[in-house]
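Report on the structure given below.
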Amino acid sequence: MFQEINKLQAFFQVKIDFFYLIEDYTENAYYTSTCTYNCNGSIFLGVKMLYGQLQKKYGVEHVKAILAHEFGHCVQYLMGWQELGKRRELHSDFLSGYYTGRVYNYTGEIMNSLYEEFSSMGDPYYWDSEHHGTKDERKCAFLEGYYYAKENNTNVQLANNYGIQYIMANNPCAVRKYKAAVQQYQTEIQRRTLQLEKDIAENNVGSIKFKAKDDKKYKIVTINGFGQQVVYPLNQPYIGINQNGQRVNNPPISEVIIYPISANTQVPLSIYKSNWFFGDRLICQFSPKICRNSTVIISFDKTSSYTVENLCR
């Protein structure tokens, strides 16, 4: 047990006090930010939970994943996450899966046992403040963390940020479920890129450059030629697909260049100021006409002030 605790501390770069807990009623394990000296909190593992897990096949592996889940709460505390409830728990499930994928090479049978264990921790009490997520949500969050670890050679910080975006999407089973659809979309993007290159070569179509004049978070929202909404985030990290089809966490950028198929888009382009509390606020919306072989430059800031250069009249 203590070898595993030391391994978890080294992996997550935290220091905790560890205790066994004798539960009064139900099996339990939890994290608290309170600790004795020069540490980042305490983790309590109930002896009833420990005994119950050790009666199961692969129970030792279950305990390791449960401890990793509690270490996930320690990471959340250090990053200042005060929110309780479902999203916090699913994020810890994701970090537990990430730890499992990075540190261990389990067989498919062991992983299936772990998936089912996290599924069993789910509950249907949606309106309860202590709701931790449904069975599918908890299983999927752990699964997504595991696959993120296997598909990406990243550190805990990047995994933590990706996990937040994954949970905030509010549909935590969608990534795996719709992986084929994502690949189809990427294939279509490649087809459109080739078509765009041909169109540019033959028709000298220009481009549109959006530039944020401050470090606030924005979204450029438009509709592509297939009627699908496309979002380009500015000044915020975002999840994308690399050339190998793997999901990666891209660093923030302050400007983005869009190459419309047509010189006169006839499609509205919207700039939103992003805010996690108040939601997205519309700064401006327009359908610019692009001069051939030129770039329309649109600069803006949070005050809804914007300038447009090189616009065809």
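The values are calculated or read from the model by the stated rules, or taken from the named source; none is laboratory data. Given the structure is predicted, the values throughout are model-derived calculations rather than measurements. Reconstructed Cβ throughout: ideal geometry from the backbone, glycine too, with neighbour counts over all protein chains shown.
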Problem set entry | Some residue of region 14-22 being at pLDDT 90 or above and either part of a helix (DSSP H, G or I) or charged (D, E, K, R) (or both) | yes
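So that you can scan it fast, the table gives a plain yes or no per residue for (1) surrounded by fewer than 17 Cβ atoms within 10 Å (Cβ to Cβ); (2) not small (Gly, Ala, Ser):
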{"residue": "PHE94", "(1), (2)": "no, yes"}
{"residue": "SER113", "(1), (2)": "no, no"}
{"residue": "GLY133", "(1), (2)": "no, no"}
{"residue": "GLN157", "(1), (2)": "yes, yes"}
{"residue": "ILE167", "(1), (2)": "no, yes"}
Problem set entry | Residues being farther than 20 Å from MET121 by Cβ, within 25 Å of the chain's Cα centre (by Cα) and among the small types (Gly, Ala, Ser) - total across region 42-84 | 1
